[in-house]
Amino acid sequence: MRLILLGPPGSGKGTQAQRLVQRHGIIQLSTGEMLRAAVAAQTPVGLKAKDIMASGGLVPDDIVIGIISDRLDQPDAAKGFILDGFPRTVPQAEALDELLKKKHMKLDAVIELRVNESALLQRVETRAAETRARGEEVRIDDTPEVLTKRLASYRSQTEPLIHYYSERRKLLTVDGMMTIEHVTREINRILAAIGAVDIKASEKA
Ligand code: AP5
């Protein structure tokens, strides 16, 4: 299975990717997680990305395309993967098409999680409050001000991908306002319907 989860910040991409990974035994490739690890380790990529991420902007395409290209070269990616947070711009989507073509791989689907803006704000606020309550460090971009900028980046640079993948007949939209369990069930139903997973695996979720 080769899947892209597309959606605004807080729409549930990471949550759903983890549930699909557990169910189907494939890997999750989250550029946000990889970039946060690079920032924490103060690598050259992390040093370039830190301020951009903190301000709610998008890290330059060449950097994230490089990260994904290296990751897709690893043997564990051959079995399938869920892309969470990549691609986020049309040039990233075009680069992914090229990378997959070279590997003779095809995408099964792009699942768009649709969630309204007030719910996104609420979810990110709740996540920050819960993280703080556990005594853990809150994500630097999980403030209402930065979230507003992240949403603006999504609308201007990532939303065009809805058209990009719709034209290529890869786009499937899921109501991300349902409970986490219902969203997982719906994604699995779709994956079974397009033949990307077997029906029994989808029913167990
Ligand atoms: P990234 O880490 O990808 O963040 P994001 O897209 O802003 O998404 P989030 O992680 O906030 O949300 P999510 O959709 O994964 O939702 P989650 O499951 O966590 O990117 C961070 C930054 O890195 C970017 O701003 C950019 O600077 C940079 N970056 C990353 N990739 C890049 C790229 N390709 N190009 C350029 N720059 C890039 O859920 C959120 C909360 O809601 C959780 O608490 C969860 O429990 C809850 N929740 C989830 N689903 C539900 C539900 N159905 N009902 C109720 N609550 C729910």
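Summary of values
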{"item": "Loop-located trypsin sites (Lys or Arg not before Pro) in segment 102-156, at most 15 other Cβ atoms within 10 Å (DSSP)", "result": "K103, K106, R134"}
{"item": "Expected 222 nm ellipticity per residue - DSSP helices of 4 or more, -39500 (n - 2.57), all of the chain, to 500", "result": "-17000 deg cm²/dmol"}
{"item": "Sites A37 and K103 - FRET efficiency at Förster radius 25 Å, r taken between beta-carbons, to 0.05", "result": "0.55"}
{"item": "Evaluated at q = 0.09, 0.11, 0.12, 0.18 Å⁻¹: base-10 log I(q)/I(0), Debye formula over Cα of the chain", "result": "-0.33, -0.50, -0.61, -1.44"}
{"item": "Segment R134-L47, extension gain: residue separation times 0.36 nm, minus the distance between their alpha carbons", "result": "28.6 nm"}
{"item": "Nonlocal Lys pairs with alpha-carbon distance under 30 Å, segment 1-143 (8 or more apart, or different chains)", "result": "14"}
{"item": "Charge sum, other residues only, whose C-beta stays under 10 Å from T31's C-beta, Lys/Arg counted +1 and Asp/Glu -1", "result": "+1"}
{"item": "Net lengthening on full extension, E94/T148 (0.36 nm per residue, minus Cα-Cα)", "result": "16.7 nm"}
{"item": "Net charge, G7 excluded, C-beta distance under 13 Å - Lys, Arg +1, Asp, Glu -1", "result": "+1"}
{"item": "Charge context of Q18, other residues only, Cβ under 11 angstrom, K/R +1, D/E -1", "result": "+1"}
{"item": "Proximal aspartates and glutamates relative to K149, as straight alpha-carbon distance under 17 Å, when same-chain residues fewer than 8 apart are discounted", "result": "D51, E117, E125, D141, E159"}
{"item": "Potential lengthening between Q18 and D70 on full extension [0.36 nm per residue; Cα-Cα distance subtracted]", "result": "16.6 nm"}
{"item": "Share of Cα-Cα pairs in segment 99-205 lying beyond 16 Å, as whole percent", "result": "70"}
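Read the figures in this text as sums done on the coordinates, not as results from a lab. Since this is a predicted model, take the numbers as computed values, not measurements. All Cβ positions, glycine included, derive from the backbone under ideal geometry; neighbour counts span all protein chains shown.
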